[in-house]
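Data block below; observations after.
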Amino acid sequence: MNYMPGTASLIEDIDKKHLVLLRDGRTLIGFLRSIDQFANLVLHQTVERIHVGKKYGDIPRGIFVVRGENVVLLGEIDLEKESDTPLQQVSIEEILEEQRVEQQTKLEAEKLKVQALKDRGLSIPRADTLEEY
Amino acid sequence: MATPSRKDSHGAGVYLPEANNALSPEETALEQVCQPEKIKCLQGSRLDQGSGKSHVPSALEEELVSASQLEEEELDPDLAPDVEEEEAEEEENDLGDPAVQSAVHNSQTLDHLAPLPFRPSLPSAGSAAHHFGPQLPAPDPSLLCSPPTSWPLRLSLPSHLTQLHPQHQRILKQQQQQGRPRSPPAKKWPQQPDSYANLMTQKEKDWVVRVQMVQLQSENPRLDDYYYQEYYQKLEKKQADEELLGQRSRFESLKLVTPYIQKAEAYESVVRIEGSLGQVAVSTCFTPRRAIDAVPHGTQEQETAAASSQRLWVLYRIEKMFLQLLEIEDGQQDAPAQPRDSEQRSSRVEKLFQALKAQGQNNLEAADDGFLQALSVGKGKALVARLLPILPRDRAVSLLLAITRHLPFLVKRDVADQALQMLFQPLSKCIRHLTFHELLQGLQGLIRLPPGSSERPITMVLQNQFGISLLYALLSHGEQLVSLNSSLKEPSSDHSAWTDMVVLTAWEIAQMPTASLAEPLAFPSNLLPLFCHHVDKQLVQKLEARMEYVTVEIRS
């Protein structure tokens, strides 16, 4: 803020731990090391966190360079409150399995819905076949 | 990646805002409980870190002593659990039976703890230390943190807390004890020095900021960045007011100042090279490729004066005039005072007025046509409504007279929009400045029988809301002028014209069936007396019937 009063900037967020939500739904957690005018981010010691229900799993990923337009939001993580979470951390294999199961149930539900609509002569355009906006 | 443990954070963030606050008896028991807890936590953490330094400042000790003296019992059950929590890392969920047992056990040991208000930092010192020994088993902290459930009599925690679920209470108390030391200034030193810090050098950061600033620069910040400018003005005003009231010392809040960078000279968007066919593809960052020449330039050909292009031309004119009007209004807002500016402003206003009165495409049209065409469009009416207040008197009057002259035409054209209403306010303000002569001119237009028609325009005017309101406003003003200025009462051509007009108007109103009389937007109070002066009683009665019907409508 001392650089540009009245604006929001990522300059003050450098070298702090951030949670970044991407447009494809991934959640990345890492130290923000560098930015540019497009809000492209360089994340260090990044971990991809997968949440399923009350469980989560961290997949260490190393260094990420994220193109700015793919970021939905990002926020600084309070290091003290970070561990103060009701969620339960599980192993990577377990969370991936959970995720797979969740995807499957979602897909099946979706299929049923589409079938039901089709039976009634309606169709809803699916989000993945549509441009994002 | 390394997650700093809670212990570390406690150790590092030695900040006790509460410790320095005097403990007043009025403070809730929980408050009192919490402070010693916090202090215990710190000590606990130091213990764990093995730093043998007894950092307990004397102030703390005093606090602890005083706290303990005030509420001895409350201290004790919470002494243990917090330290335990620090030591036994993340065991939070167990409220099992073993806990109950230890609770019972603890209650017996409490009496021993009472005289010892604090726990010294050195593990070897103090008899308090070994009291915590038997309490080490993990389940204890969870239960001990929720003493109210086990010892309702011993403790006097505030009732709103005792009703909560024990786990909830525990979380709340944790938050309370951990929340405050963490609050600003939380700019504590990093737990371990970050070896990857400053990968982005200061120069690079400045570069990014510069680029962002360049993107922000503008020649007209009030236009481009309206909300920030307004906000900043309000902020400054508030600060100035507060400073005036002496409430706070002046401090400047920073304003975003973008660097001024010379704007690149205007580029040629369309390059025409002699001998080439069409346009050459000249691309800049603003126009990658300008393919079509969409802006009309050159003269409009006379043959294309079809109705649609005529209408387009009118719309185009209105847009241009609106831009001029907005410029004038902006100037008005920003710099009200300087005389040089006001000259410039009045010349702009005059230019706008001329543009309004200007001709259409063919110069064969009648004098007022340009103006009337503009008025036929809703946006044109809005333009005139906004322009009238800033026009000088004579200009405004000429517009008003033009409107009254052509009122039937305008009314007919307005049936779709019903937008003439917006002109009423500014016009009624203008009417108040009319001279008697001008007023007569205005009214004459309505009364006079146009050639080739047996109906006076006034008939149609009375049926339209705007028309009738305007008429009433004119009559009312006339009556005011006459009553105020006795010279006008003398018999003169003006006065007789006035009388004729009034009589005629009254007659026309009386003729009109009440149902088709439009409801005026405002009903001046001096109209009925005016009519009373000039017409006979019978007519007055008829008029009254109609007008009162109308006034009742307005009032209801």
> Accessible area per residue, 1.4 Å probe, Å², for the stretch A:7-119: what's the number?
Replying inline: 59 Å²
> How large is ³J(HN,Hα) for each residue in the stretch B:218-224, as worked out from phi by the Karplus curve 6.51 cos²θ - 1.76 cosθ + 1.60 (θ = phi - 60°), to whole Hz, x for Gly and Pro?
Replying inline: 8, 7, 10, x, 5, 8, 6
>> Using a 7 Å offset from the Cα along the Cα-to-Cβ direction at both B:Cys285 and A:Gln103, what is the distance between the two label points in nm, to one decimal?
In response: 4.1 nm
> What number, in percent, do you get for the relative contact order of the stretch A:14-133 if the mean sequence gap of Cα pairs under 8 Å and at least 6 apart is divided by its residue count?
Replying inline: 22 percent
> What share of Cα pairs, in percent, lie more than 16 angstrom apart in the stretch A:7-119?
Replying inline: 66 percent
> With all protein chains present, how much of the accessible area of the stretch A:7-119 (probe radius 1.4 Å) comes from carbon and sulfur, to the nearest whole percent?
Replying inline: 54 percent
>> Taking θ = phi - 60°, what integer Hz values does the Karplus form 6.51 cos²θ - 1.76 cosθ + 1.60 yield along the stretch A:13-25, in sequence order, with x for Gly and Pro?
In response: 8, 5, 6, 10, 7, 10, 10, 10, 9, 9, 5, 7, x
>> What does the extension gain come out to for B:Asp536 and B:Lys203, with contour length at 0.36 nm per residue minus their alpha carbon separation?
In response: 110.7 nm
> Based on the mean of other beta carbon atoms within 10 Å per residue, what is the order of B:435-446, B:235-246, B:210-221, B:342-353, most packed first?
Replying inline: B:435-446, B:342-353, B:210-221, B:235-246
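Given a 1.4 Å probe and heavy atoms of the protein chains only, how would you sort B:Trp207, B:Trp498, B:Trp313, largest accessible area at the top?
Numbers: B:Trp207 130, B:Trp498 0, B:Trp313 60 Å².
The residues order as B:Trp207, B:Trp313, B:Trp498, largest area first.
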>> Could you tell me the calculated FRET efficiency between B:Lys412 and B:Asp500, based on Cβ-Cβ distance and R0 = 35 angstrom, to the nearest 0.05?
In response: 0.85
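Order B:Thr514, A:Thr105 by their accessible area, 1.4 angstrom probe, all chains in place, largest first.
A:Thr105, B:Thr514
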> Taking both sides together, what accessible area is buried at the B/A interface, probe 1.4 Å, expressed in Å² and rounded to the nearest 100?
Replying inline: 2400 Å²
> Which FRET efficiency value, to the nearest 0.05, is calculated for A:Leu87 and A:Asp24 with the Förster distance at 30 angstrom and r the Cβ-Cβ distance?
Replying inline: 0.90
> Angle between the Cα long axis of helix A:92-119 and the longest principal axis of chain A, 0 to 90 degrees, nearest 10?
Replying inline: 40 degrees
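At 0.36 nm per residue, minus the direct Cα-Cα distance, what do B:Thr514 and B:Leu481 gain on full extension? Give it in nm, one decimal, please.
Values: separation 33, 0.36 × 33 = 11.88 nm, distance 2.88 nm.
The B:Thr514-B:Leu481 span can extend by a further 9.0 nm.
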> Check A:Lys16: other-chain or 5+ apart residues with amide H under 5 Å from its amide H, H built from backbone geometry?
Replying inline: A:Leu32
>> Suppose we take every Cα in the stretch A:42-94 and form the convex hull; what volume per residue is that in Å³?
In response: 108 Å³
>> If packing is taken as the average number of other Cβ atoms within 10 Å across a peptide's residues, how do A:87-97, A:19-29, B:396-406 rank, most packed first?
In response: B:396-406, A:19-29, A:87-97
> Which value in nm describes the separation of the simple spin-label points at B:Glu343 and B:Gln310, placed 7 Å from the Cα toward the beta carbon?
Replying inline: 4.2 nm
> What are the ³J(HN,Hα) values, in whole Hz, obtained from phi via the Karplus relation 6.51 cos²θ - 1.76 cosθ + 1.60 with θ = phi - 60°, for each residue of the stretch B:316-325 in sequence order, with x given for Gly and Pro?
Replying inline: 4, 4, 4, 4, 4, 5, 5, 4, 4, 4
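Across the residues of A:9-15, average count of Cβ atoms on other protein chains within 10 Å? Before the final figure, lay out each step's value.
On the way: counts 4, 3, 6, 1, 0, 6, 7.
The shielding value for this peptide is 4.
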> Averaged across the residues of A:27-33, what count of C-beta atoms belonging to other chains lies within 10 Å of each residue's C-beta?
Replying inline: 2
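For a Förster distance of 35 Å, can you work out the FRET efficiency between the beta-carbons of B:Ala240 and B:Ala382, rounded to the nearest 0.05? Can you show the working numbers first?
Details: r = 36 Å, r/R0 = 1.02.
That gives a FRET efficiency of 0.45.
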> When you count, for each residue, the other Cβ atoms within 10 Å and take the mean per peptide, how do B:372-383, A:47-58 rank with the highest first?
Replying inline: B:372-383, A:47-58
> Per residue of B:197-204, how many C-beta atoms from partner chains lie within 10 Å of its own C-beta, taken as a mean?
Replying inline: 4
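The values are calculated or read from the model by the stated rules, or taken from the named source; none is laboratory data. Keep in mind the model is a prediction, meaning the values are calculated, not measured. A quick note on method: Cβ atoms are made from the backbone with ideal geometry, for glycine too, and the neighbour counts reach across all protein chains shown. Note: areas computed on protein heavy atoms with side chains; ligands, DNA, RNA excluded. Shrake-Rupley method; radii C 1.70, N 1.55, O 1.52, S 1.80 Å.
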